[in-house]
Amino acid sequence: MTGADLVVGRVVMWRDIFQGRIAFARPMRVVSANDGLIVCSLRAGTPCKMHSTYAAGERDRYVEDLASGGWSLTDTLWRSTDVLHLVKPGTWYACCLFFDAATHRFLHWYVNFQEPLRITSTHLDTFDLCLDIVADPVRGWRWKDEQEFDRAIELGVISRQAQQAVRSAARDVIARIAAKAPPFDGSWTTWRAAADEPLPSLRLGWQAVAR
């Protein structure tokens, strides 16, 4: 599926799945699904399921627990920010726009390198590949979580193919930031959710993973 069957306004589950198990599950609302671009919103206050070690703030153990399978899911809330996730099917990253939830002020772009989406009408499944790029409103940028990326490679969590795909995608992202090309052209930086839009909740069947 390319995203054409996603319904604007519908709640879908954006999930990170590793070795057949869910590591993160976040209910998001489809904002747009046109011209090969999927846009979903994650609102402050939304209930989520999160990798237990990550949720506890033990980032040094997060990758080790992925490698060993030693994690469970815990209930949490997404806090403080509203986030737009922009992704094109087949690409190895999502571009996330962070907004202060109270003031609606655009904060930064956050590029999350990840496996290409596996899309159904109710689920958007991927796997976070640890490495990120953060770009501020004037498009100064920096790497984030390089140590986690290196550790995931060392432990075999990230394959050689995925490493190469991420590095190629990163070159494209950096060039786009410099050129102020989409999605770094400012076209989504004034977005805000409708004032009366209810927060999404975990959909029935959120935990079902195809084997």
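Worth pointing out:
- Highest mobility in the GNM of the chain, judged by mean-square fluctuation with C-alpha springs under 10 Å and restricted to Leu86, Leu124, Leu73, is found for Leu73.
- Ser159-Arg61 FRET efficiency (beta carbon distance; Förster radius 22 Å; 0.05 resolution): 0.55
- Proximal lysines relative to Lys180, as straight alpha-carbon distance under 29 Å, when same-chain residues fewer than 8 apart are discounted: Lys88, Lys144
- Hydrodynamic radius of the chain by the Kirkwood approach over all distinct alpha-carbon pairs: 17.5 Å.
- Counting only Cβ charges, +1 for Lys and Arg and -1 for Asp and Glu, the dipole size of the chain around its Cα centre is about 320 debye.
- Phi-based couplings in Hz for region 148-165 (Karplus 6.51, -1.76, 1.60; Gly and Pro marked x): 5, 4, 5, 5, 5, 5, 4, 8, x, 6, 10, 6, 4, 4, 5, 4, 5, 5
- Among Ile177, Cys130, Ser68 the positive-end extreme of the charge dipole of region 68-181 (Cβ point charges): Ile177
- Within a Gaussian network of the chain (alpha carbon springs, distance under 10 Å), most fluctuating of Arg79, Arg15, Arg160: Arg160
- For region 11-179, the residue among Ser32, Val166, Gln19 whose Cα projects farthest onto the positive side of the dipole built from Cβ charges is Ser32.
- The chain: most fluctuating residue of Thr126, Thr91, Thr103 per GNM, C-alpha cutoff 10 Å: Thr103
- Calculated mean residue ellipticity, 222 nm, the chain: -6000 deg cm²/dmol, from DSSP H runs (n ≥ 4) at -39500 (n - 2.57) each, averaged per residue and rounded to 500.
- Evaluated with a Cβ-only charge set (Lys, Arg +1; Asp, Glu -1), region 110-211 carries a dipole of roughly 260 debye about its Cα centre, given to the nearest 20.
- Bridges between two residues of the chain, per DSSP, are antiparallel at a rate of about 90%.
- Taken along the Cα-to-beta-carbon direction at a fixed 7 Å, the label points for Arg79 and Asp150 span 3.0 nm.
- Placing unit charges on the Cβ atoms of the charged side chains and taking the dipole of the chain about its Cα centre, the candidate lying farthest along the positive direction among Phe98, Trp143, Gly9 is Gly9.
Read-outs throughout are calculated quantities, based only on the coordinates presented, and are distinct from any laboratory measurement. All of these numbers come straight from a predicted model, not from anything done at the bench. With ideal geometry, Cβ positions are generated from the backbone for all residues, glycine too; neighbour counts draw on all protein chains shown.
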